[in-house]
1. Only residues that are assigned to a helix (DSSP H, G or I) and within 17 Å of the chain's Cα centre (by Cα): list them for the range 88-114, please.
2. Of (1) of a type in the set (Gly, Ala, Ser); (2) out of contact with any helix residue (DSSP H, G or I) (no Cβ under 9 Å at 6 or more places or on another chain); (3) under 25 Å from Gly117 (Cα atoms), Gly69 satisfies all except one. Which?
3. Could you grab me the full set of residues in the range 202-230 that are under 20 Å from Leu116 (Cβ atoms) and either part of a helix (DSSP H, G or I) or open to solvent by 60 Å² or more (accessible area, probe 1.4 Å) (or both)?
4. Got a sec? Which of Glu198, Glu135, Glu235 is of a type in the set (Asp, Glu) and surrounded by fewer than 14 Cβ atoms within 10 Å (Cβ to Cβ)?
5. Given the conditions (1) over 24 Å from Ser7 (Cα atoms); (2) buried (at least 19 other Cβ atoms within 10 Å of the Cβ); (3) not acidic (Asp, Glu), report the number of the one that Val186 does not fulfil.
6. I'd like to verify a number: residues in the range 11-50 that are surrounded by fewer than 21 Cβ atoms within 10 Å (Cβ to Cβ) and β-branched (Val, Ile, Thr), how many?
7. Answer yes if at least one residue in the range 35-49 is more than 18 Å from Tyr239 (Cβ to Cβ) and in a strand (DSSP E or B), and no otherwise.
8. Exactly one of (1) over 14 Å from the mean Cα position of the chain (by Cα); (2) on the phi < 0 side of the Ramachandran plot; (3) open to solvent by 10 Å² or more (accessible area, probe 1.4 Å) is unmet by Gly79. Its number?
Amino acid sequence: MTDSQKSLGKGSPAPGPVPEGNLRLYSMRFCPFAQRVRLVLFAKRIKYEVININLKSKPDWYWEKNPLGQVPTLELSDGEVIYDPTIVCDFLDEAYPGKKLTPADPIKKAKEKMILGFYSEVPSILFKILGAKQENRDVAEPKTELLGKLQKLEQILIKEKTPYFGGESLTMIDYMLYTWFERFVVFGVEDILTQTPELKKWHNLMLKDPAVKETFTPPEVLKNFYKLYSQDSIEAVDYGL
């Protein structure tokens, strides 16, 4: 992971304007939603600067950038601000030249949106598993629920007979799905992919992608971050710096 900027927290002064022609990404080093945007930025070779936000102690001025107080947030040099990871990624793909990640065909585009909508339940299932582990409860039920979701994703790859969810080459949907797979290790479910061989092949292909390599966080670093973050540590976001 190349993002090594320390986070700005409560009391930090607001940054100045974004330089002409530049982009600024308000991020957090370990956030899977911010990683989606960084994957797209790297894949399209878009130059940008990063300001990391301490989500446990947000600067007061950040609420003016994003009234939800979340990351990622994209700020343009003309002062325009865009937030929500899917909206930001779509904007970047539409507004900037280079490799197009979103299919031009409306049907293919709609199918990718449906896959992402179906997959959106996976993070909450992962946190069910984590919560059960922390409280020494049985994790069989949420793990079965997770496997069911992954098996349905697997069926998409089998039906389409393609290596990627977008077809023969990697597209936006693959990046949108990937970031939570990187975090399976945090929830202790990385071995579940042995039960979905086609999905495991897809995951192995994703690990070879240059943008994934650029934004990848080693498993031990992720685990240590989440341990601190779950303890409400204000310093968690700067773990390893």
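The values are calculated or read from the model by the stated rules, or taken from the named source; none is laboratory data. Being a predicted model, the structure only gives us computed values, none of them experimental. Neighbour counts are summed over all protein chains in view; Cβ atoms, including those assigned to glycine, are modelled from backbone coordinates with ideal geometry. Each accessible area value is taken on the protein alone, full model and side chains, heavy atoms only, with ligands, DNA and RNA left out. Shrake-Rupley method; radii C 1.70, N 1.55, O 1.52, S 1.80 Å.
1. Passing the criteria: Val88, Cys89, Asp90, Phe91, Leu92, Asp93, Glu112, Lys113.
2. (2)
3. Trp202, His203, Leu205, Met206, Ala211, Val212, Thr215
4. Glu135
5. Among (1) over 24 Å from Ser7 (Cα atoms); (2) buried (at least 19 other Cβ atoms within 10 Å of the Cβ); (3) not acidic (Asp, Glu), Val186 violates only (1).
6. Looking only at that region, the number is 3.
7. Yes, the range 35-49 contains a residue that is more than 18 Å from Tyr239 (Cβ to Cβ) and in a strand (DSSP E or B).
8. All conditions are met except number (2).
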